[in-house]
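The values are calculated or read from the model by the stated rules, or taken from the named source; none is laboratory data. Predicted model, so just to flag it, every value in this text is computed and none were measured. With ideal geometry, Cβ positions are generated from the backbone for all residues, glycine too; neighbour counts draw on all protein chains shown. For the accessible areas, the whole protein counts, side chains as well, though only heavy atoms, and no ligand, DNA or RNA atoms are used. Shrake-Rupley method; radii C 1.70, N 1.55, O 1.52, S 1.80 Å.
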Amino acid sequence: MSKMIPDLEEAFRKLAPARDRLLKELEEEARHERIPIVGPVVGELLYVLARAVDAGVVLELGTATGYSGIYLGRACKEKRGRLVTLEKDKAMAKRAMASFKRAGLDGFIEVIAGDALGELEKMRGPFDMVFMDIDKEEYLPALSHCHRLLRRGGLLVADNVGFRGADDFNRALSESSQWRAVHLLSFLPFHSPEKDGLCLALRM
Ligand SMILES: C[S@@+](CC[C@H](N)C(=O)[O-])C[C@H]1O[C@@H](n2cnc3c(N)ncnc32)[C@H](O)[C@@H]1O
(Lines give C-alpha, C1' and ligand atoms only; values in the text may rest on other atoms or scores of the structure.)
Protein backbone atom coordinates (compact mmCIF):
# COMPACT_ATOMS: atom_id res chain seq x y z
CA MET A 1 0.00 0.00 0.00
CA SER A 2 1.31 3.45 -0.88
CA LYS A 3 2.53 5.62 1.99
CA MET A 4 1.05 8.67 0.29
CA ILE A 5 -2.25 10.33 1.21
CA PRO A 6 -4.82 9.25 -1.38
CA ASP A 7 -5.94 11.98 -3.83
CA LEU A 8 -3.11 14.21 -2.68
CA GLU A 9 -4.12 17.23 -4.75
CA GLU A 10 -7.67 17.30 -3.35
CA ALA A 11 -6.31 16.77 0.18
CA PHE A 12 -3.96 19.74 -0.27
CA ARG A 13 -6.72 21.89 -1.80
CA LYS A 14 -8.60 21.37 1.47
CA LEU A 15 -5.57 22.74 3.38
CA ALA A 16 -5.71 26.12 1.60
CA PRO A 17 -5.37 28.89 4.20
CA ALA A 18 -8.48 30.72 5.44
CA ARG A 19 -8.96 34.26 4.14
CA ASP A 20 -11.18 37.23 4.87
CA ARG A 21 -14.16 38.60 2.93
CA LEU A 22 -12.10 41.09 0.91
CA LEU A 23 -9.67 38.44 -0.36
CA LYS A 24 -12.58 36.11 -1.19
CA GLU A 25 -14.28 38.92 -3.13
CA LEU A 26 -11.08 39.54 -5.10
CA GLU A 27 -10.82 35.81 -5.82
CA GLU A 28 -14.41 35.81 -7.09
CA GLU A 29 -13.77 38.85 -9.31
CA ALA A 30 -10.59 37.23 -10.65
CA ARG A 31 -12.48 34.03 -11.49
CA HIS A 32 -15.23 35.99 -13.21
CA GLU A 33 -12.87 38.26 -15.19
CA ARG A 34 -10.12 35.66 -15.71
CA ILE A 35 -7.49 37.74 -13.92
CA PRO A 36 -4.53 35.44 -13.08
CA ILE A 37 -3.98 36.08 -9.36
CA VAL A 38 -1.73 34.00 -7.11
CA GLY A 39 -4.53 32.54 -4.95
CA PRO A 40 -4.51 31.80 -1.21
CA VAL A 41 -1.62 29.33 -1.03
CA VAL A 42 0.95 31.48 -2.81
CA GLY A 43 -0.57 34.57 -1.15
CA GLU A 44 0.04 33.05 2.28
CA LEU A 45 3.49 31.88 1.14
CA LEU A 46 4.37 35.48 0.24
CA TYR A 47 3.25 36.63 3.69
CA VAL A 48 5.23 33.85 5.41
CA LEU A 49 8.37 34.53 3.33
CA ALA A 50 8.19 38.29 3.91
CA ARG A 51 7.88 37.73 7.67
CA ALA A 52 10.58 35.04 7.67
CA VAL A 53 13.14 37.36 6.03
CA ASP A 54 11.89 40.17 8.28
CA ALA A 55 11.09 42.27 5.21
CA GLY A 56 10.09 45.86 5.87
CA VAL A 57 10.45 47.22 2.35
CA VAL A 58 9.06 45.08 -0.47
CA LEU A 59 8.75 45.61 -4.22
CA GLU A 60 6.07 43.92 -6.31
CA LEU A 61 6.08 43.81 -10.11
CA GLY A 62 2.52 43.23 -11.38
CA THR A 63 -0.25 44.43 -9.05
CA ALA A 64 -3.48 43.54 -10.92
CA THR A 65 -6.37 44.10 -8.47
CA GLY A 66 -4.13 44.04 -5.39
CA TYR A 67 -4.69 40.45 -4.21
CA SER A 68 -1.03 39.46 -3.69
CA GLY A 69 -0.31 43.05 -2.63
CA ILE A 70 -2.65 42.65 0.34
CA TYR A 71 -0.63 39.68 1.64
CA LEU A 72 2.66 41.54 1.13
CA GLY A 73 1.24 44.81 2.47
CA ARG A 74 0.05 43.05 5.63
CA ALA A 75 3.57 41.69 6.20
CA CYS A 76 5.08 45.18 5.66
CA LYS A 77 2.56 46.73 8.04
CA GLU A 78 3.83 44.47 10.85
CA LYS A 79 7.21 46.17 10.44
CA ARG A 80 5.72 49.66 9.88
CA GLY A 81 7.40 49.33 6.46
CA ARG A 82 6.02 49.69 2.94
CA LEU A 83 5.21 47.89 -0.26
CA VAL A 84 5.86 49.53 -3.62
CA THR A 85 3.89 47.84 -6.39
CA LEU A 86 4.07 48.48 -10.16
CA GLU A 87 1.18 48.03 -12.60
CA LYS A 88 1.11 49.09 -16.26
CA ASP A 89 -2.68 48.99 -16.63
CA LYS A 90 -4.02 52.26 -15.18
CA ALA A 91 -7.53 50.91 -14.57
CA MET A 92 -6.06 47.92 -12.66
CA ALA A 93 -3.83 50.23 -10.63
CA LYS A 94 -6.92 52.21 -9.62
CA ARG A 95 -8.76 49.04 -8.60
CA ALA A 96 -5.74 47.94 -6.54
CA MET A 97 -5.66 51.29 -4.72
CA ALA A 98 -9.33 50.80 -3.79
CA SER A 99 -8.55 47.24 -2.55
CA PHE A 100 -5.65 48.51 -0.41
CA LYS A 101 -7.85 51.24 1.06
CA ARG A 102 -10.50 48.66 1.95
CA ALA A 103 -7.78 46.52 3.58
CA GLY A 104 -6.64 49.50 5.67
CA LEU A 105 -3.25 49.32 3.97
CA ASP A 106 -3.26 52.53 1.92
CA GLY A 107 -0.74 54.14 4.29
CA PHE A 108 1.68 51.25 3.74
CA ILE A 109 1.43 50.71 -0.01
CA GLU A 110 2.49 52.87 -2.95
CA VAL A 111 0.99 51.89 -6.30
CA ILE A 112 2.97 53.14 -9.31
CA ALA A 113 0.98 53.06 -12.56
CA GLY A 114 3.51 52.51 -15.33
CA ASP A 115 5.57 49.96 -17.19
CA ALA A 116 7.77 48.05 -14.75
CA LEU A 117 10.89 48.08 -16.92
CA GLY A 118 10.74 51.86 -17.35
CA GLU A 119 9.89 52.49 -13.69
CA LEU A 120 12.63 50.17 -12.40
CA GLU A 121 15.26 52.28 -14.21
CA LYS A 122 14.28 55.24 -12.02
CA MET A 123 14.03 53.39 -8.70
CA ARG A 124 16.44 53.21 -5.83
CA GLY A 125 16.76 50.49 -3.20
CA PRO A 126 17.42 48.81 -1.02
CA PHE A 127 14.46 46.46 -0.87
CA ASP A 128 14.37 43.36 1.34
CA MET A 129 12.21 41.33 -1.02
CA VAL A 130 10.93 41.50 -4.61
CA PHE A 131 7.91 39.61 -5.91
CA MET A 132 7.92 39.28 -9.71
CA ASP A 133 4.58 38.68 -11.46
CA ILE A 134 4.57 40.68 -14.72
CA ASP A 135 4.59 39.42 -18.34
CA LYS A 136 6.94 36.43 -18.29
CA GLU A 137 9.03 37.66 -21.25
CA GLU A 138 9.96 40.63 -19.08
CA TYR A 139 11.40 38.58 -16.21
CA LEU A 140 14.88 38.40 -17.75
CA PRO A 141 15.11 42.14 -18.59
CA ALA A 142 13.91 42.93 -15.03
CA LEU A 143 16.47 40.63 -13.36
CA SER A 144 19.44 43.02 -13.33
CA HIS A 145 17.22 45.73 -11.81
CA CYS A 146 16.12 43.31 -9.10
CA HIS A 147 19.75 42.60 -8.30
CA ARG A 148 20.56 46.33 -8.10
CA LEU A 149 17.50 47.10 -5.95
CA LEU A 150 17.66 44.18 -3.51
CA ARG A 151 19.93 44.33 -0.51
CA ARG A 152 22.59 41.62 -0.20
CA GLY A 153 20.75 38.60 1.25
CA GLY A 154 17.42 39.92 -0.05
CA LEU A 155 14.87 37.52 -1.50
CA LEU A 156 13.50 37.39 -5.04
CA VAL A 157 10.29 35.39 -5.53
CA ALA A 158 9.19 34.83 -9.13
CA ASP A 159 5.79 33.35 -9.94
CA ASN A 160 4.84 31.37 -13.08
CA VAL A 161 8.36 30.24 -13.95
CA GLY A 162 6.81 27.19 -15.60
CA PHE A 163 5.75 29.42 -18.50
CA ARG A 164 7.76 29.30 -21.75
CA GLY A 165 8.33 33.06 -21.49
CA ALA A 166 10.32 32.57 -18.28
CA ASP A 167 12.66 29.93 -19.71
CA ASP A 168 15.56 32.33 -20.44
CA PHE A 169 15.10 33.91 -16.99
CA ASN A 170 15.25 30.48 -15.31
CA ARG A 171 18.46 29.55 -17.10
CA ALA A 172 20.12 32.93 -16.52
CA LEU A 173 19.34 32.77 -12.82
CA SER A 174 20.57 29.22 -12.32
CA GLU A 175 23.85 30.01 -14.18
CA SER A 176 24.54 33.29 -12.37
CA SER A 177 26.95 33.64 -9.45
CA GLN A 178 25.02 36.75 -8.37
CA TRP A 179 22.15 34.60 -7.07
CA ARG A 180 21.53 31.34 -5.20
CA ALA A 181 18.27 30.07 -6.67
CA VAL A 182 15.83 27.15 -6.62
CA HIS A 183 13.12 26.46 -9.17
CA LEU A 184 10.27 24.47 -7.65
CA LEU A 185 7.91 22.52 -9.87
CA SER A 186 4.78 23.01 -7.81
CA PHE A 187 1.18 22.09 -7.24
CA LEU A 188 -0.36 25.36 -6.07
CA PRO A 189 -4.06 25.06 -5.17
CA PHE A 190 -6.25 27.90 -6.51
CA HIS A 191 -3.28 29.42 -8.32
CA SER A 192 -3.54 30.14 -12.01
CA PRO A 193 -2.52 27.60 -13.30
CA GLU A 194 -2.46 25.12 -10.39
CA LYS A 195 0.62 23.30 -11.73
CA ASP A 196 3.43 25.74 -12.36
CA GLY A 197 6.93 26.69 -11.27
CA LEU A 198 7.92 28.99 -8.45
CA CYS A 199 11.40 30.43 -8.07
CA LEU A 200 13.07 31.57 -4.86
CA ALA A 201 16.41 33.34 -5.23
CA LEU A 202 18.78 34.85 -2.72
CA ARG A 203 20.64 37.98 -3.83
CA MET A 204 24.38 37.43 -3.32
C1 LIG B 1 -0.44 37.91 -13.14
S2 LIG B 1 -1.09 39.50 -12.97
C3 LIG B 1 -0.62 39.99 -11.36
C4 LIG B 1 -1.42 39.32 -10.30
C5 LIG B 1 -1.14 39.82 -8.91
N6 LIG B 1 0.28 39.76 -8.59
C7 LIG B 1 -1.90 38.98 -7.89
O8 LIG B 1 -1.55 37.81 -7.73
O9 LIG B 1 -2.86 39.50 -7.31
C10 LIG B 1 0.05 40.43 -13.93
C11 LIG B 1 -0.19 41.91 -13.89
O12 LIG B 1 1.01 42.54 -14.30
C13 LIG B 1 0.73 43.59 -15.15
N14 LIG B 1 1.91 43.73 -16.01
C15 LIG B 1 2.35 42.90 -16.99
N16 LIG B 1 3.49 43.35 -17.53
C17 LIG B 1 3.78 44.51 -16.86
C18 LIG B 1 4.84 45.45 -16.93
N19 LIG B 1 5.82 45.33 -17.82
N20 LIG B 1 4.83 46.49 -16.08
C21 LIG B 1 3.85 46.64 -15.16
N22 LIG B 1 2.82 45.79 -15.05
C23 LIG B 1 2.79 44.73 -15.88
C24 LIG B 1 -0.53 43.18 -15.90
O25 LIG B 1 -1.23 44.31 -16.37
C26 LIG B 1 -1.28 42.39 -14.84
O27 LIG B 1 -2.20 43.21 -14.16
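Here are the numbers:
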read-out	value
Descending Cα extents along the principal axes, the chain, whole Å	56, 42, 30
Accessible surface of the chain [probe 1.4 Å, protein heavy atoms]: carbon and sulfur percent	53 percent
Nitroxide proxy distance, nm - points 7 Å out along Cα→Cβ at L15 and H32	3.2 nm
J(HN,Hα) series, the stretch 183-189, from Karplus relation 6.51 cos²θ - 1.76 cosθ + 1.60, nearest Hz, glycine and proline x	10, 9, 6, 10, 9, 10, x
The chain - charge dipole about Cα centre, Lys and Arg +1 at Cβ, Asp and Glu -1, debye rounded to 20	720 debye
Heavy-atom surface of the stretch 150-201, accessible at 1.4 Å and reported per residue (Å²)	51 Å²
Under-22-angstrom lysine pairs by C-alpha in the stretch 51-174, whenever the two are 8 or more apart or on separate chains	11
Accessible-area order (highest first, 1.4 angstrom probe) of the listed residues K94, K3	K3, K94
Interchain or long-range residues, amide H under 5 Å from I112's placed H	T85, L86, E87
Formal net charge of residues neighbouring N170 (Cβ-Cβ distance under 13 Å; K, R +1; D, E -1)	-3
Full-stretch length increase - E78, E194 - with 0.36 nm per residue and alpha-carbon distance subtracted	38.8 nm
Alpha-carbon radius of gyration plus Dmax, which is the widest Cα pair, for the stretch 1-61 in Å	15.1, 48
Cα-centred dipole magnitude for the stretch 1-99, charges only on beta-carbon of K, R (+1) and D, E (-1), debye, nearest 20	340 debye
Fraction of the pair-distance distribution of the stretch 57-130 above 21 Å, Cα-Cα pairs, percent	17 percent
Where S2, S186 fall by accessible area, highest first, once all protein chains stay in place (1.4 Å)	S2, S186
Mean accessible surface per residue for the stretch 38-142, computed with a 1.4 Å probe while every protein chain stays in place, in Å²	41 Å²
